[in-house]
1. Give the shape of the chain as rounded, prolate or oblate, defined through the alpha-carbon gyration tensor: a ≥ b ≥ c are the square roots of its eigenvalues, a/c under 1.5 means rounded, and otherwise the shape is prolate if a/b is larger than b/c and oblate if not.
2. Within 9 Å, Cβ to Cβ, of G77, how many net charges do the neighbouring residues add up to if Lys/Arg are +1 and Asp/Glu are -1?
3. In Å and on Cα atoms, what radius of gyration and Dmax does segment 173-213 show?
4. Within the set of other residues whose C-beta is less than 11 Å from the C-beta of G236, count the net charge using Lys and Arg as +1 and Asp and Glu as -1.
5. Given 0.36 nm per residue, what is the gain on full extension from A89 to Y154 after removing their alpha carbon distance, in nm?
6. Can you list residues whose amide H is under 5 Å from G55's amide H, if they're 5+ apart or on another chain and H is modeled 1.01 Å from N?
7. May I ask what percent, to the nearest 5, of DSSP beta bridges between residues of the chain are antiparallel?
8. Could you work out [θ]222 nm for the chain from helices alone, using -39500 (n - 2.57) per DSSP H run of at least four and dividing by all its residues? Round to the nearest 500 deg cm²/dmol.
Amino acid sequence: MTMKRDLPETIDAGALLQLRQLGISYGAGTADERCWILRDLDLDVQEGEFLTIMGSSGAGKSTLLNLVAQTLQPSAGQIAFRGKVVGGADIPADPGSSRQIGYVTQDDNLLPWRTVWDNVMFPLTLASKPSSSDVERARRVIDQVGLTQWTKHYPHQLSGGMRKRASLARTLAYGPPVVLMDEPFGALDAETRAQLQADLLDLWASEKKTILFVTHDINEAIALGDRIVVLSGSPGRVVLERKIDIARPRDPELIFKAPTFAGHYDAVRGCLRAASRP
Ligand code: ADP
């Protein structure tokens, strides 16, 4: 049995994103009879923060991102964005939160019959004719991800790393302040992955985004994150929050040389192991 707090309609702005007693359940019956994937999850994400999210398989990491993206509706609790409650059981979901939230999934989901340029522009053409500033931003992010020479190519003509870059550019092109990334580099070889991690850190520093990044790789979580949170499953909630005090700029390939690396690694690994024990 969990104690419920009264939830206000607005939350004192402080953090950019505030998740309060957030829960999602499936099945029928009373609250205690339903199957809770996440329950009573509290989490604040600061503006400009790079938050990495870990947890064993099935702990609810993707579900958490889907709730923030509003592609799933919470069964309980609230999500506030800049102090305004935007998500809750009684609030109609607004997927993507009116261009406030971008989502880079594990698959790049590029449209095979469109060029890189047309793929990047695609979300911008859905609602209305893209503005000149949309086109300008698309050009800039394509340049930032190193694909300027490849705009006329089709997805099948690109390497896995380049497809990932195109997918990242497509998300950044519509300028969302928050970017959700669900194991985006999982399927790449080690070298391409390290390069993309370094490029992502450069992009994050220049574009000043708030990033929620799910990964299974502790090195990656430490190399990228300002903070790591670990979820435990059944039902999922935050069991560890750890600030990563390693100075920036960071070189993801050499992150293990940072003096505090081993302490962070051991703490996160210990927590993941404990969370995955039956
Ligand atoms: P993770 O990303 O941490 O691996 P997920 O968020 O994908 O975990 O899934 C968390 C749990 O929610 C899993 O046990 C999964 O089976 C369950 N789940 C996801 N979607 C549904 C659904 N529509 N109905 C019932 N259970 C679901």
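Coordinate-derived values only; no laboratory data. Computed from a prediction, not measured in an experiment: that's the story for all the values here. A quick note on method: Cβ atoms are made from the backbone with ideal geometry, for glycine too, and the neighbour counts reach across all protein chains shown.
1. Numbers: a/c = 1.82, a/b = 1.27, b/c = 1.44.
Note, shape of the chain comes out oblate.
2. Working: positive: R20, R39; negative: D40, D42.
So the environment of G77 carries a net charge of 0.
3. According to the Cα coordinates of segment 173-213, Rg and Dmax are 10.9, 29 Å.
4. Working: positive: R39, K61, R237; negative: D40.
Combined, the nearby Lys, Arg, Asp and Glu give +2.
5. Working: separation 65, 0.36 × 65 = 23.40 nm, distance 4.11 nm.
Once the chain is fully extended between A89 and Y154, it gains 19.3 nm.
6. It is L231, by chain and number.
7. Values: 23 of 42 bridges.
About 55 percent, rounded to the nearest 5.
8. On the way: 7 runs with 89 residues, N = 278.
My calculation for the chain gives -10000 deg cm²/dmol from helical runs alone.
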